[in-house]
1. Might you work out the accessible area of Thr391 for me, using a 1.4 Å probe with all protein chains in place, and round it to the nearest 10 Å²?
2. State whether the range 286-367 is rounded, prolate or oblate according to the following rule on the C-alpha gyration tensor (a ≥ b ≥ c being the square roots of its eigenvalues): a/c under 1.5 gives rounded; otherwise a/b larger than b/c gives prolate, and the remaining case gives oblate.
3. Using a 1.4 Å probe and counting only protein heavy atoms, arrange Trp320, Trp246 so the residue with the most accessible area comes first.
4. If we count trypsin sites (Lys or Arg not before Pro) as exposed when they sit in a DSSP loop and have at most 13 other beta carbons within 10 Å, what is the longest stretch of the chain that avoids them all?
5. Hey, if you put +1 on the Cβ of every Lys and Arg and -1 on every Asp and Glu Cβ in the range 36-94, which of Ile81, Thr70, Ala92 ends up farthest toward the positive end of that dipole?
6. Can you list the chymotrypsin sites (Phe, Trp or Tyr not before Pro) in the range 144-184 that are in a DSSP coil and have 14 or fewer other beta carbons within 10 angstrom?
7. Could you state the principal axis extents of the C-alpha atoms in the range 10-49, from the largest down, to the nearest angstrom?
8. For the chain, what proportion of DSSP beta bridges, expressed in % and rounded to the nearest 5, is antiparallel?
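The values are calculated or read from the model by the stated rules, or taken from the named source; none is laboratory data. Bear in mind that the values here come from a model prediction, so they are computed numbers and not experimental data. As a convention, Cβ positions derive from the backbone with ideal geometry for all residues, glycine included, and neighbour counts pool all protein chains shown. Note: areas computed on protein heavy atoms with side chains; ligands, DNA, RNA excluded. Shrake-Rupley method; radii C 1.70, N 1.55, O 1.52, S 1.80 Å.
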Amino acid sequence: MGFVKGLRCRECGKEFPNEPLHVCDMCFGPLEVVYDYQRIREHLNRKVIAKRPHNMWRYKELLPLDGEPTVGLEVGWTPLIRAHNLERYLGAKEIYIKNDAVNHPSLSFKDRVVAVALSKAKEFGFTTVACASTGNLANSVASNAASAGLESFVFIPYDLEETKITGTLIYGSQVIAIRGTYDEVNRLSSEIAGKYGWAFVNINIRPYYAEGSKTFAFELVEQLGWKAPLHIVVPMAGGSLITKIWKAIREMKEVGLIDKFNTKVYGAQATGCAPITTAVKEGRELFKPVRPNTIAKSLAIGNPADGYYAIKAINESGGWAEDVSDEEIIEAMKILARTEGIFTETAGGVTLGVAIKLMQQGKLPKDEPIVISITGNGLKTQEALQGHLDTPLTINAKLDEFDALLKDIKRQKKGASAS
Ligand SMILES: *Cc1c(COP(=O)(O)O)cnc(C)c1O
Ligand SMILES: [Zn+2]
């Protein structure tokens with residue numbers, strides 16, 4: 001197999017061979033994988049896909065490997081849920097949740113990009129992989145590297161959630177915490193990548209890595225009955241996922257998997273780190289970097305690598321962007337849990353919070369189908385909820401104590417509904 005023609009600069013169009021490169025030597029623009037769509041069209045169709053196992057590799061012709069995948073074989077095919085309770089709660093007609101909070105193996109959408117990156121790193125002959133991460137990428141690189149028998153180095157900001165750090169260390173990865181923001185971690189990682197020649201998944205093999213995000217959209221379209229979504233709300237950190245969702249939908253039309261689309265993509269950030277949404281709202285093509293301060297740490301990238309392209313994708317599609325406060329993030333996490341039984345991390349609170357806000361503004365039509373992208377798991381950001389939930393009611397193991405307690409609870413509920 002192998003349907004990749006090579007790499008191409010997104011800015012000046014200069015072409016490069018299929019190698020571990022990521023910036024253009026002419027203009028410093030980012031490189032992107034170029035496929036032979038004509039040949040893919042001849043090999044790939046809905047029937048071929050239907051016969052394949054339910055994982056992200058069922059669309060492998062549209063992923064940048066030369067051979068068969070070797071890492072993350074079971075990643076993907078996460079549930080698409082029709083959210084009837086949430087629809088009733090919000091007074092909306094048709095809401096879907098694509099739930100990557102239960103992606104295998106590390107419970108976030110990052111397993112998709114890492115599966116591609118590590119498979120590609122192995123094709124290139126790397127034996128050490130690394131990443132600069134806001135948390136979920138760290139978990140995924142560590143986990144997938146362990147099962148693939150690769151050595152891994154993970155660079156993170158020192159103030160990440162405890163669970164994200166534990167969920168990296170457990171796999172035996174070498175974890176290095178940097179006293180600084182993600183953007184400082186990233187800058188240092190670029191220097192290390194150059195010096196030591198490791199495969200930094202989101203730096204020197206980023207063009208390949210980022211392609212894995214497309215499978216989120218491929219699956220979504222197939223799960224919707226081979227129909228492109230009308231409105232999709234997507235959380236943004238570096239702005240890669242939203243850019244690739246937009247690319248994936250256009251590619252599906254290009255290779256004949258769908259014959260039309262009318263998709264609008266909507267970007268979501270936390271107000272404490274909103275360079276991309278601010279630019280969209282102010283009608284600017286370029287964003288201004290910020291210093292992040294939000295509980296949505298997985299999205300806390302102040303200088304997003306694909307920010308420019310995320311803005312372009314949003315504008316091209318006719319979508320919009322919004323951001324929400326930390327309070328709104330927690331409120332949305334509770335709403336999702338209490339309506340649909342889904343415990344998402346702070347990033348999911350950002351996505352749903354923004355969707356709610358956009359509906360209130362009339363920017364997201366409540367009478368049309370809306371997809372909400374849930375990309376990470378709530379068990380990983382429990383600190384954020386401290387002081388925001390009731391504590392358990394504690395009694396001794398005696399029936400009369402429970403009887404009294406239940407009376408109390410009922411009385412309080414009555415009081416609450418009367419007032
Ligand atoms: C990394 C991440 C994103 C978005 O990533 P991009 O850098 O914009 O591609 C969204 N949600 C979660 C939970 C993440 O970890
Ligand atoms: Zn260039």
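1. About 110 Å², ignoring ligands and nucleic acids.
2. Here the range 286-367 falls in the oblate category.
3. Sorted descending by solvent-accessible area, the residues read Trp320, Trp246.
4. That gives 285-397 as the longest site-free run.
5. Ala92
6. In loop regions of the range 144-184 (DSSP not H, G, I, E or B), the sparsely surrounded chymotrypsin sites (Phe, Trp or Tyr not before Pro) are Tyr158.
7. For the range 10-49, the Cα spread along each principal axis is 42, 18, 13 Å.
8. Expressed as a percentage, antiparallel bridges in the chain total about 35.
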